[in-house]
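This report concerns only the one structure given below.
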Amino acid sequence: MTMKEMIAYCGLDCEKCDAYLATINNDQHLREKTAELWAKLNNAPIMPEHINCEGCRVNGAKTVYCDSLCVIRKCALKKGVPTCGYCEDMEKCKDIGKIVLNNPDALKNLNDRTV
């Protein structure tokens with residue numbers, strides 16, 4: 001897999017995600033820490049065993065959220081685009097707007113048409 005495959009549909013860099021890092025490093029402490037933080041932030045029951053992800057756009061394990069709840073991933077898969085940067089609706093999409101507002105690097109990644 002290439003670095004560019006590790007850019008999620010939304011433009012976030014999966015290689016910087018704690019779930020990805022915990023998975024590839026088999027780091028139980030990071031899984032526990034991430035589960036605790038994400039459970040608190042999302043007011044949801046997230047357990048360490050839920051923290052397994054190999055990347056949004058590649059085959060392999062995904063968190064429950066990334067696999068079946070992420071509206072951005074669902075939309076990109078439905079439209080058949082490699083990332084939201086290829087979608088003609090990106091500039092008016094509220095979901096992407098929330099991501100890039102909090103992470104300017106995501107917008108830079110989406111504007112890179114080589115991912």
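The values are calculated or read from the model by the stated rules, or taken from the named source; none is laboratory data. Predicted, not measured: the structure shown is a model, and the values here were computed from it. Here Cβ is always computed from backbone atoms with ideal geometry, including for glycine, and neighbour counts include all displayed protein chains. Ligands, DNA and RNA are excluded from the accessible area calculation, which covers all protein heavy atoms including side chains. Shrake-Rupley method; radii C 1.70, N 1.55, O 1.52, S 1.80 Å.
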>> What FRET efficiency comes out for E49 versus V81 if R0 is 35 angstrom and r is the Cβ-Cβ distance? Round to the nearest 0.05.
In response: 0.65
> Between Y65, N103, C93, whose Cα lies farthest towards the positive end of the dipole of region 42-104 when Lys and Arg beta carbons carry +1 and Asp and Glu beta carbons carry -1, centred on the Cα centre?
Replying inline: C93
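Please get the size of the charge dipole for the chain, origin at its Cα centre, with Cβ charges of +1 on Lys and Arg and -1 on Asp and Glu, quoted in debye to the nearest 20. Kindly include the intermediate steps, with their values, before the conclusion.
Values: 16 positive and 16 negative charges, 74 e Å.
About 360 debye.
Give me the extension gain from H29 to E5: residue separation times 0.36 nm, minus the current Cα-Cα distance, reported in nm with one decimal.
On the way: separation 24, 0.36 × 24 = 8.64 nm, distance 2.63 nm.
Result: 6.0 nm gained on full extension.
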> Considering the values (i) 13.4, 47; (ii) 13.3, 40; (iii) 14.0, 41, which represents Rg and Dmax of the Cα atoms in Å as calculated for the structure under consideration?
Replying inline: (iii)
> Looking at the chain, how many pairs of lysines come closer than 16 Å at the Cα, when each pair is eight or more places apart or spans two chains?
Replying inline: 9
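If you roll a 1.4 angstrom probe over the protein chains with everything in place, what fraction of the accessible area of the chain belongs to carbon and sulfur, to the nearest %? Walk me through the intermediate numbers first.
Numbers: 4000 of 7440 Å².
It is 54 percent, rounded to a whole number.
Just to confirm, what accessible area per residue do you get for the chain at 1.4 Å probe, in whole Å²?
Values: 7440 Å² over 115 residues.
In whole numbers, the chain has 65 Å² accessible per residue.
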> Given a Förster distance of 22 angstrom, what is the FRET efficiency for N103 paired with E15, based on the Cβ-Cβ distance and rounded to 0.05?
Replying inline: 0.95
